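Worksheet: the structure to be examined is printed underneath.
The values are calculated or read from the model by the stated rules, or taken from the named source; none is laboratory data. Here the structure is a predicted model, which is why all the values come from computation and not from measurement. Here the Cβ positions follow ideal geometry from the backbone for every residue, glycine too, while neighbour counts run over all protein chains shown. What goes into the accessible areas is simple: the full protein's heavy atoms, side chains included, and nothing from ligands, DNA or RNA. Shrake-Rupley method; radii C 1.70, N 1.55, O 1.52, S 1.80 Å.
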Amino acid sequence: MELTPLTDLRESLDGMATGFFKSLPNLVLAIIVLVAILLVARIARAIVSAAMKKAHVREALRTLAQNLIGIAAWIVGVAIALTVLLPSISPADIIAGLGLTSVAIGFAFKDVFENFLAGVIILSREKMRIGDMIECEDVYGRVENILIRETHVRETDGELVIVPNSFLFKNPVSIETDHALKRQELVVGVDYDASMPEARDALKGALEACESVSSEREAEVQCVSFGGSSIDFRLLWWSKSQPADQRGSYDEVAFAVKQALDDAGITIPFPQSTLSFRPEAMPLRLQDSGKSDTDSPESGETKGG
């Protein structure tokens with residue numbers, strides 16, 4: 001009786017080994033089928049990518065097509081491999097099983113599916129391409145890669161931020177490089193003694209002399225306010241939208257504006273304050289010397305009878 005548990009365990013192990021070796025051909029065939037389907041999917045991805053590239057389809061759509069082909073290949077490959085490994089399972093049983101477990105999977109992987117669907121939408125739309133400078137909430141940087149579930153953004157300090165696609169889908173995204181040109185602004189104050197037409201002409205000439213200022217869009221110089229110490233002009237011009245080009249253009253315009261005003265003899269005043277006093281003399285009160293008004297001879301009154 002004491003050997004019965006050991007005997008049962010040995011029989012169980014023998015049965016498992018026999019079953020494994022019996023199903024080994026099906027397992028090898030299932031692996032071969034899965035690998036073959038994945039290889040076919042890789043070839044299909046290469047063909048589709050080359051065709052779309054030849055048709056000048058943007059890179060985001062090519063990435064989306066490659067990802068969808070890869071996902072479909074894994075689903076079909078696993079389903080076929082299961083039917084080969086377990087002949088008792090039919091494709092209808094697999095579909096039914098997926099239907100029964102879809103609700104549970106949906107709750108368990110809600111964020112994963114949300115990011116997946118957001119990635120599909122982001123990749124399918126035209127805006128926000130790889131290489132664009134974007135700003136979304138606290139994220140600011142250049143888009144390096146757009147995957148099916150996440151987007152890689154390289155910030156200006158060199159750090160890489162992995163952003164879930166649902167975050168970019170739900171929040172407003174500012175795309176700074178969506179257009180080739182971007183407008184810049186600079187406010188300059190000139191002295192009140194300066195001639196306003198001469199000041200405007202000098203500022204306009206400074207803008208036109210800068211190489212970084214685009215000639216495709218007109219530059220503007222407008223008087224915007226009479227400040228406390230100066231007459232303020234706003235300079236508006238267009239330059240390339242890349243951040244490095246924006247910084248370089250601003251620097252060039254600032255130097256050119258200062259030089260143009262100096263050449264025209266127009267000064268940029270410091271903040272000034274003007275103090276004014278009333279012309280009327282302020283009444284002064286004499287210090288009381290200890291004598292009353294009645295004791296003073298000017299009072300016109302005397303004591304006694």
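For this structure, a couple of remarks:
- Cα→Cβ-extended label distance, 7 Å offset, between residue 198 and residue 137, nm: 5.5 nm
- Relative contact order of region 136-201, pairs being alpha-carbon contacts under 8 Å that are 6 or more residues apart, as %: 22 percent
- In order along region 257-266, phi translates into HN-Hα couplings of 5, 4, 5, 5, 5, 5, 5, 8, x, 9 Hz, rounded to whole numbers, per the Karplus curve 6.51 cos²θ - 1.76 cosθ + 1.60 with θ = phi - 60° and x for Gly and Pro.
- Whole-percent carbon and sulfur share, accessible surface of region 146-216, 1.4 Å: 47 percent
- When the Cα atoms of region 180-221 are aligned to their principal axes, the ranges along those axes come out at 40, 16, 13 Å in descending order.
- Largest first and in whole Å, the equivalent-ellipsoid semi-axes of region 196-265 read 22, 13, 12, each the square root of five times a Cα gyration tensor eigenvalue.
- Vicinal HN-Hα couplings computed from phi for region 118-133 (Karplus, 6.51 cos²θ - 1.76 cosθ + 1.60; Hz; Gly/Pro x): 5, x, 4, 5, 4, 5, 7, 7, 7, 6, 6, 9, 5, x, 6, 8
- log₁₀ of I(q)/I(0) at q = 0.13, 0.29 Å⁻¹ - region 226-275, Debye sum with one point per alpha carbon: -0.45, -1.11
- Out-of-range pairs (alpha-carbon distance over 20 Å; input 182/204; 170/240; 54/240): 170/240; 54/240
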